[in-house]
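The values are calculated or read from the model by the stated rules, or taken from the named source; none is laboratory data. Worth saying up front: this structure is predicted, and the values here are computed from it rather than measured. Here the Cβ positions follow ideal geometry from the backbone for every residue, glycine too, while neighbour counts run over all protein chains shown. The protein model used for the area step is the full one, side chains on, heavy atoms only, and it has no ligands, DNA or RNA in it. Shrake-Rupley method; radii C 1.70, N 1.55, O 1.52, S 1.80 Å.
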Amino acid sequence: MTPPVAELPTTLADAHAPILALAAERQAIEAENSRIVSKIATLTAANADLAAVNQAADARIAELTAIVKMLERTLYGTRSERLRSDKPSDEQIAFVFDEIATGVAAIEAELAKAGGKDDKPQRAPRPRKEFGAHLERVEIVVEPEVPPGCERLEKVLIGVRL
């Protein structure tokens with residue numbers, strides 16, 4: 001069996017209609033392709049930016065890790081491995097930890113900025129659920145004994161809502 005043959009157009013206007021439809025479809029496909037190519041270029045540029053940020057963050061993390069290792073070696077290394085014979089002061093140790101905390105915060109901020117996380121609004125905290133209305137409320141006040149010598153002083157209640 002042979003498939004049925006589609007009827008050929010008989011007029012010139014009927015012949016132009018499918019050709020014009022195919023041309024319009026081709027233009028739509030080419031426009032979609034150019035949009036996809038531009039989107040790929042944008043994503044490639046963003047990927048390169050993220051790679052640079054990631055590389056900078058890795059370098060900073062390596063610096064901070066070296067600082068921590070030096071501090072640990074100074075504090076806990078055996079005498080022959082210590083860099084100095086005297087231990088670092090509390091101010092020096094505090095400075096090292098401040099430097100580390102600042103570096104970590106800077107890395108996190110840079111990664112969040114590069115990842116676009118700061119565009120999202122923070123969700124409001126959920127309110128704490130209260131006890132059910134059917135539960136009995138009991139208030140117990142425990143008053144401490146008055147120590148000797150404080151009998152005449154005014155009592156102050158702590159933790160009471162007015």
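Some values worked out for this structure:
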| read-out | value |
| --- | --- |
| By average C-beta atoms within 10 angstrom, highest first, the peptides 11-24, 45-58 | 45-58, 11-24 |
| Summed side-chain charge close to residue 64 - residues other than residue 64 whose Cβ falls under 13 Å, Lys, Arg +1, Asp, Glu -1 | -4 |
| Gained length - residue 76 relative to residue 91, 0.36 nm times residue gap less alpha-carbon distance | 3.6 nm |
| Of all accessible heavy-atom area on region 20-70, the percent that carbon and sulfur account for (1.4 Å) | 66 |
| Semi-axes of the equivalent ellipsoid for region 18-69, Cα gyration tensor, largest first, Å | 50, 5, 4 |
| Extension gain, residue 109 back to residue 61 (0.36 nm per residue minus Cα-Cα distance, nm) | 15.9 nm |
